[in-house]
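These notes are about the structure you will find just below.
The values are calculated or read from the model by the stated rules, or taken from the named source; none is laboratory data. Keep in mind the model is a prediction, meaning the values are calculated, not measured. Glycine gets a Cβ as well: all are built from the backbone with ideal geometry, and neighbour counts include every protein chain shown. What goes into the accessible areas is simple: the full protein's heavy atoms, side chains included, and nothing from ligands, DNA or RNA. Shrake-Rupley method; radii C 1.70, N 1.55, O 1.52, S 1.80 Å.
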Amino acid sequence: IDANGLVATDDADVTVLTESLGGTLSASQIACFSTNPEPITLTGYTGNVLYWQRSTSNTFASNVTNISSTSDILTGEAAGFVTATTYFRAVISNGNCGEVYSGTTSAIVQTSTYNAGVWSNGVPDGLTNAIIQSDYTFATDFEACSITVTNNATIIIPSGITVTLNGGLIVSSGSFTM
């Protein structure tokens, strides 16, 4: 009752928003040098995907790039080429509840460098990128994600030897002869 003796009532709809929840990303994956990672899936989140982020820092403290995808699946094309281990996360918001981050995942670029007769991380396989910095003649069949030739190294593939690359061949300096 107000000062004039009138009683006022009104009906209103009230919407209660659940707080934003960042969710979980698909597991980390191995990626070949200079390729797109496999799609990354976001699950268990509340709200809307505002955008995604990528960084070479696992804490996202530096080198952060925003990716303008609002889908809960980040395609490899949207994620972009990776040339080093790269971390990804989604930015989520539910209405006015504020932004939160999903968990993180990574596209891991494994490498092994050949120099002076030694591989730094063992002989590469189909999931490892080979960096060759000194002269090398293949004696057996070889598989790697990619091969990068540097430091004016001379690489020779003799007849009968098969080299399988799941990514690319980059000759920065030196030669690659088959």
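Note on region 64-138: with neighbouring protein chains present and a 1.4 Å probe, carbon and sulfur make up 48 percent of its accessible heavy-atom surface. Each Lys or Arg adds one and each Asp or Glu subtracts one; over the other residues with Cβ under 15 Å from the Cβ of GLY95, this totals -3.
Working out 0.36 nm times the residue gap between ASP11 and ILE170, then minus their Cα-Cα distance, what length gain in nm do you get to one decimal? Write out the running numbers ahead of the final one.
Values: separation 159, 0.36 × 159 = 57.24 nm, distance 6.95 nm.
So the chain would gain 50.3 nm between ASP11 and ILE170.
Among beta bridges from DSSP that stay inside the chain, the antiparallel ones total about 50%.
Just the number, please: Stokes-Einstein D of region 1-99 in µm²/s, Kirkwood Rh from C-alpha pairs, 25 °C, 0.890 mPa s.
Values: Rh = 15.9 Å.
Answer, rounded: 154 µm²/s.
Within the listed set VAL14, VAL100, VAL91, the Gaussian network model of the chain (springs between alpha-carbon atoms below 10 Å) gives the highest mean-square fluctuation for VAL14. Simple rule: put +1 on each Lys or Arg Cβ and -1 on each Asp or Glu Cβ in region 34-135, find the dipole, and look at THR85, THR111, ASN36; the Cα lying farthest toward the positive end is THR85. Simple point charges give the picture: +1 on the Cβ of Lys and Arg, -1 on the Cβ of Asp and Glu, and for the chain a dipole about the Cα centre of about 800 debye.
Report the local net charge at TYR114: Lys and Arg +1, Asp and Glu -1, summed over other residues whose C-beta lies under 15 Å from its C-beta. Let's see the in-between values first.
Details: positive: none; negative: ASP125, ASP135, GLU143.
Combined, the nearby Lys, Arg, Asp and Glu give -3.
Note on THR162/ASN121: beta-carbon distance plugged into 1/(1 + (r/R0)^6) with R0 of 22 Å gives a FRET efficiency of 0.50. Against the set [x] 19.4; [y] 18.8; [z] 16.8, the structure's computed Kirkwood radius over Cα pairs in Å falls on [x]. Residues whose amide H comes within less than 5 Å of that of LEU50, counting only those at least five positions distant or on another chain, are VAL91, ILE92, SER93 (H built at 1.01 Å from N in the peptide plane).
For region 1-101, the relative contact order is 33 percent, taking Cα pairs closer than 8 Å that sit 6 or more residues apart in sequence and dividing their mean separation by the residue count. Legend: calculated FRET efficiency, GLU143 to ALA61, from the Cβ-Cβ distance at R0 = 35 Å, rounded to 0.05, equals 0.45.
Taken per residue, the accessible surface of the chain reaches 56 Å², heavy atoms only and a 1.4 Å probe.
Result for the chain in a Gaussian network model with C-alpha springs under 10 Å: among SER93, SER159, SER106, the largest mean-square fluctuation is at SER159. Residues whose amide H lies under 5 Å from that of TYR114, counting only those 5 or more places away or on a different chain, are SER120, ILE131, ILE132, GLN133; hydrogens are built 1.01 Å from N in the peptide plane.
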